[in-house]
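The structure's right below; bear with me while I get my questions together.
The values are calculated or read from the model by the stated rules, or taken from the named source; none is laboratory data. This structure is a prediction, so every number in the text was calculated from the model and none was measured. Counting neighbours? That spans all protein chains shown, and the Cβs are built from the backbone with ideal geometry, glycine included.
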Amino acid sequence: MSAAEQPIRRALCVSIHDVAPATWPDCLRLWQALRAVADIPLTWLVVPCYHGRRSDPLCGAREYETAIEQVLAQGHELALHGYTHLDRGSPPRNLSEAYWRRLFTQGEGEFAALSTQQAQRRLALGMAYFSRRRWPLHGFVAPAWLLSDGAWAALRDSGLLYTTTLRHFHLLRARPLALPATSLMYSTRNAAGRLLSRIAVSAATRQAPAQLVRFSLHPRDAHHPALLRHMQRTMASLLATHEPLTKADFANQAIFDGGL
């Protein structure tokens, strides 16, 4: 095959959401299913005090933290994924906001309705959690990808490298830039949702390959073998044409390439 005929290598960012002591067994099951296809670098989205659960004054079981440090040692990335993963902001202002904050997210869109000061406080708590453990931190992903105007303002002043929303990858430093990249994910609420989300993921991956494909996995996915098998087939297909990167590595590559 000539150089001109070689398939274009594009980027694949796979993330495991809602990483916390309470969800760790399911996160490991997801990782095991992924490794059965290929041992690729992942971005693990860590929630320091998931649903307000504190197993010690620093919000983390020692065994869990040891496991996280082993993940880091293997070349994976940790990103901050909110602080509690619970939406305790002001009541929704309209039906659209009520849908996204109450129905779509089931009340877990922590940064959906925060003021700038509130968001700064949550970010500071999360960043301090990472700092105390000397875990490198480059990115933030809001629970359910929902960010208020105040949360956006806090993020821009945070010094972090990137954030992601449902449909874009956002570079935060120097020259802010939003790169189109819808995240592929599964719905697990009922059988119809699990079927339709598999169809949607398959349809998205059959389209012309994007510069960046994002695949978001959640601990609850681990409870559904059909979803795991579908994920494995999809991952094998994507890895034939896409280079697996952590989100931080993709962000640095995008900056180097001038936003791709």
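For region 161-187, which positions are touching a residue at least 24 places away in the same chain (Cβ under 8 Å), over 19 Å from Met235 (Cα atoms) and either buried (at least 18 other Cβ atoms within 10 Å of the Cβ) or of a type outside the set (D, E, K, R) (or both)?
Leu161, Tyr162, Thr163, Thr164, Phe169, Leu171, Ala174, Leu177, Leu179, Pro180
Then there's this: Just to be sure before I move on: is Gly150 touching a strand residue (DSSP E or B) at 6+ places or on another chain (Cβ under 8 Å) and at pLDDT 95 or above in the structure I sent?
No, not satisfied.
If we keep just the residues of region 230-260 that are charged (D, E, K, R) and surrounded by 17 or more Cβ atoms within 10 Å (Cβ to Cβ), which is nearest to the chain's Cα centre (by Cα)?
The residue in question is Lys247.
Further, regarding this structure: Somewhere in region 154-166, is a residue over 20 Å from Gln253 (Cα atoms), in a helix (DSSP H, G or I) and under 17 Å from the mean Cα position of the chain (by Cα)?
Yes, region 154-166 contains at least one residue that is over 20 Å from Gln253 (Cα atoms), in a helix (DSSP H, G or I) and under 17 Å from the mean Cα position of the chain (by Cα).
Here's a follow-up. Considering only residues that are surrounded by 13 or more Cβ atoms within 10 Å (Cβ to Cβ) and farther than 18 Å from Leu160 by Cα, look in region 70-89 and name the one that is modelled with the lowest pLDDT.
So the residue we want is Gly89.
So which residues in region 106-143 are in contact with a helix residue (DSSP H, G or I) (Cβ under 8 Å, 6 or more places away or on another chain) and farther than 15 Å from Ala79 by Cβ?
Those that are in contact with a helix residue (DSSP H, G or I) (Cβ under 8 Å, 6 or more places away or on another chain) and farther than 15 Å from Ala79 by Cβ: Gly107, Glu108, Gly109, Ala112, Ala113, Leu114, Ser115, Thr116, Gln117, Gln118, Ala119, Gln120.
Which condition from (1) within 21 Å of Ala144 (Cα to Cα); (2) out of contact with any Phe, Trp or Tyr (no Cβ under 6 Å at 6 or more places or on another chain); (3) at pLDDT 95 or above is the one that Thr165 breaks?
Exception for Thr165: condition (2).
Looking at Arg35, Arg10, Arg62, which is the one that is closer than 23 Å to Leu245 by Cβ, surrounded by 11 or more Cβ atoms within 10 Å (Cβ to Cβ), modelled with pLDDT under 95 and not hydroxyl-bearing (Ser, Thr, Tyr)? Talk me through it step by step, then tell me what you get.
On the way: Arg35 fails: modelled with pLDDT under 95; Arg62 fails: closer than 23 Å to Leu245 by Cβ.
Answer to the selection: Arg10.
Still on this structure, please answer the following. Does Phe111 count as closer than 20 Å to Val46 by Cβ, of a type in the set (A, V, I, L, M, F, W, C) and at pLDDT below 95?
Details: closer than 20 Å to Val46 by Cβ: yes; of a type in the set (A, V, I, L, M, F, W, C): yes; at pLDDT below 95: yes.
Yes: the conditions hold for Phe111.
Taking region 38-59 as the search range and keeping residues that are modelled with pLDDT under 95 and not in a loop (DSSP other than H, G, I, E, B), which one is farthest from Glu243 (Cα to Cα)?
My answer is Gly52.
Now, a different point. Could you check region 230-260 and list, in sequence order, the residues that are part of a strand (DSSP E or B) and not acidic (Asp, Glu)?
Of everything in region 230-260, those that are part of a strand (DSSP E or B) and not acidic (Asp, Glu) turn out to be His242, Pro244.
Collect the residues in region 206-229 that are buried (at least 19 other Cβ atoms within 10 Å of the Cβ) and either without any contact (Cβ under 8 Å) to a residue 40 or more places away in the chain or part of a helix (DSSP H, G or I) (or both), keeping them in residue-number order.
Of everything in region 206-229, those that are buried (at least 19 other Cβ atoms within 10 Å of the Cβ) and either without any contact (Cβ under 8 Å) to a residue 40 or more places away in the chain or part of a helix (DSSP H, G or I) (or both) turn out to be Pro219, Asp221, Ala222, Leu227, Leu228.
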